[in-house]
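The values are calculated or read from the model by the stated rules, or taken from the named source; none is laboratory data. These numbers come from a predicted model, not from an experiment. Methodologically, a virtual Cβ is constructed for each residue, glycine included, from the backbone with ideal geometry; neighbour enumeration extends over all protein chains shown. These accessible areas exclude ligands, DNA and RNA; they are computed on the full protein's heavy atoms, side chains included. Shrake-Rupley method; radii C 1.70, N 1.55, O 1.52, S 1.80 Å.
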Amino acid sequence: MPAYKRILLKLSGEALMGDDAFGINRATIVRMVEEIAEVTRLGVEVAIVIGGGNIFRGVAGGSVGMDRATADYMGMLATVMNSLALADALDKAGVVARVMSAIAIEQVVEPYVRPKALQYLEEGKVVVFAAGTGNPFFTTDTAAALRGAEIGAEIVLKATKVDGVYSADPNKDANATRYASITFDEAMARNLQVMDATAFALCRDQKLPVKVFSIFKPGALRKVVLGGDEGTLVHV
Ligand SMILES: Nc1ncnc2c1ncn2[C@@H]1O[C@H](COP(=O)(O)OP(=O)(O)OP(=O)(O)O)[C@@H](O)[C@H]1O
Ligand SMILES: O=c1ccn([C@@H]2O[C@H](COP(=O)(O)O)[C@@H](O)[C@H]2O)c(=O)[nH]1
């Protein structure tokens, strides 16, 4: 029996590269889709936000002298590409998916319209929210918090490259220890970088819990959805 009726799944863009140096690794996206399909078969309504780190991040453009807002729009377009690839792979796996974009790009994907997104979810379709929040200077973590709150998701599931929230970045500090759970206030006070502070603050204010878990661990998504002990719960 699933613990949630409706979830917002935030997928790491960077993880889409698999073992490649850049872009979308087909085997990796197919494996992610298998896990998502399993969860939809449990009857859970699934909305997804996918990052763009495998293609472009605004901060990278800014650091080499680009106008930051322009670079951020490029980053948002990268998430549109990932969203299209994800929806295509879902479709091939027999899962009906719809992509909705926060920036106007109507020849490619339909615009984000909240009532329409809610209708799709009620119909059992997977909704992929592309182009982040549609605004520069934000991230797809914040888009996940925003859309999660808008659609009344019960939880934001952040599927990322690490298996939870640690006392420090585990990729940089071998002594970092993992929390089973942590409050939003503590995560922000400790400046833990696993999710940006804007996203944490929005989830805290909306009382929307976040679960951080590994995108690479087979079966982890299903376990989280079934309420199992996996990853780190961030809560009010
Ligand atoms: N305290 C911490 N606990 C866990 N991970 C942390 C912590 N501090 C920093 N990190 C880093 O945060 C990363 C996850 O966040 P980030 O949003 O950058 O990645 P992502 O999920 O791959 O996003 P994107 O979709 O943008 O590619 C981890 O890979 C980890 O290295
Ligand atoms: O609301 C948003 C979301 C994203 N961006 C830009 O896109 C890239 C990729 O997103 P990640 O969350 O880093 O995967 C991000 O670096 C921003 O440049 C944005 O501007 N607004």
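With the condition kept exactly as written, say whether any residue in region 110-132 is among the polar types (S, T, N, Q), assigned to a helix (DSSP H, G or I), at pLDDT 95 or above and more than 16 Å from residue 10 (Cα to Cα). Quick ask: steps written out before the conclusion?
Filtering region 110-132 down to residues among the polar types (S, T, N, Q) leaves 119.
Now restrict to residues that are assigned to a helix (DSSP H, G or I): 119.
Among the residues that remain, those that are also at pLDDT 95 or above are: 119.
With more than 16 Å from residue 10 (Cα to Cα) added as a condition, the list becomes 119.
Within region 110-132 (the criterion being among the polar types (S, T, N, Q), assigned to a helix (DSSP H, G or I), at pLDDT 95 or above and more than 16 Å from residue 10 (Cα to Cα)), the answer is yes, since at least one residue qualifies.
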Take the residues in region 39-51 that are open to solvent by 10 Å² or more (accessible area, probe 1.4 Å) and in a helix (DSSP H, G or I), then tell me which one is farthest from ligand 1 (Cβ to nearest atom).
41
Among the residues of region 180-220, write down those that are assigned to a loop (DSSP other than H, G, I, E, B) and over 21 Å from residue 3 (Cα atoms).
190, 191, 192, 193, 194, 195, 196, 216
Could we say that residue 181 is on the phi < 0 side of the Ramachandran plot, surrounded by fewer than 17 Cβ atoms within 10 Å (Cβ to Cβ) and within 14 Å of ligand 1 (Cβ to nearest atom) here?
yes
Looking at (1) assigned to a helix (DSSP H, G or I); (2) open to solvent by less than 20 Å² (accessible area, probe 1.4 Å), which is the one condition that is false for residue 84?
(2)
I need the full set of residues from region 99-114 which are away from ligand 1 (no atom under 16 Å from the Cβ), closer than 18 Å to residue 146 by Cα and surrounded by 14 or more Cβ atoms within 10 Å (Cβ to Cβ), in order please.
99, 100, 101, 103, 111, 112
Quick check on my filter: what residues within region 122-147 are away from ligand 1 (no atom under 16 Å from the Cβ) and surrounded by 20 or more Cβ atoms within 10 Å (Cβ to Cβ)?
126, 127
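Please find, within region 11-25, the residue that is nearest to ligand 1 (Cβ to nearest atom) out of those that are touching a residue at least 60 places away in the same chain (Cβ under 8 Å) and open to solvent by 20 Å² or more (accessible area, probe 1.4 Å).
The first filter runs over region 11-25 and keeps only residues touching a residue at least 60 places away in the same chain (Cβ under 8 Å), leaving 11-16, 24.
Of the ones still in play, those that are also open to solvent by 20 Å² or more (accessible area, probe 1.4 Å) are 14, 24.
On the way: 14: 3, 24: 12 Å.
So the residue we want is 14.
Identify the residue in region 186-200 that is open to solvent by 10 Å² or more (accessible area, probe 1.4 Å) and touching a helix residue (DSSP H, G or I) at 6+ places or on another chain (Cβ under 7 Å) and, among all such residues, is farthest from residue 50 (Cα to Cα). Steps first, answer last, please.
The initial filter retains those residues of region 186-200 that are open to solvent by 10 Å² or more (accessible area, probe 1.4 Å), namely 186, 188-194, 196-198.
Adding the requirement that they be touching a helix residue (DSSP H, G or I) at 6+ places or on another chain (Cβ under 7 Å) leaves 188, 196-198.
Values: 188: 23, 196: 15, 197: 18, 198: 17 Å.
So the residue we want is 188.
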Is one or more of the residues making up region 219-228 modelled with pLDDT under 95 and not aromatic (Phe, Trp, Tyr)?
no
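Within region 52-70, take every residue that is within 14 Å of ligand 1 (Cβ to nearest atom) and in a helix (DSSP H, G or I) and give me the one that is least open to solvent (accessible area, probe 1.4 Å). Step through it out loud before you land on a result.
Filtering region 52-70 for residues within 14 Å of ligand 1 (Cβ to nearest atom) gives 52-60.
Subset that is in a helix (DSSP H, G or I): 58-60.
On the way: 58: 8, 59: 85, 60: 49 Å².
Looking at residues that are within 14 Å of ligand 1 (Cβ to nearest atom) and in a helix (DSSP H, G or I), I get 58.
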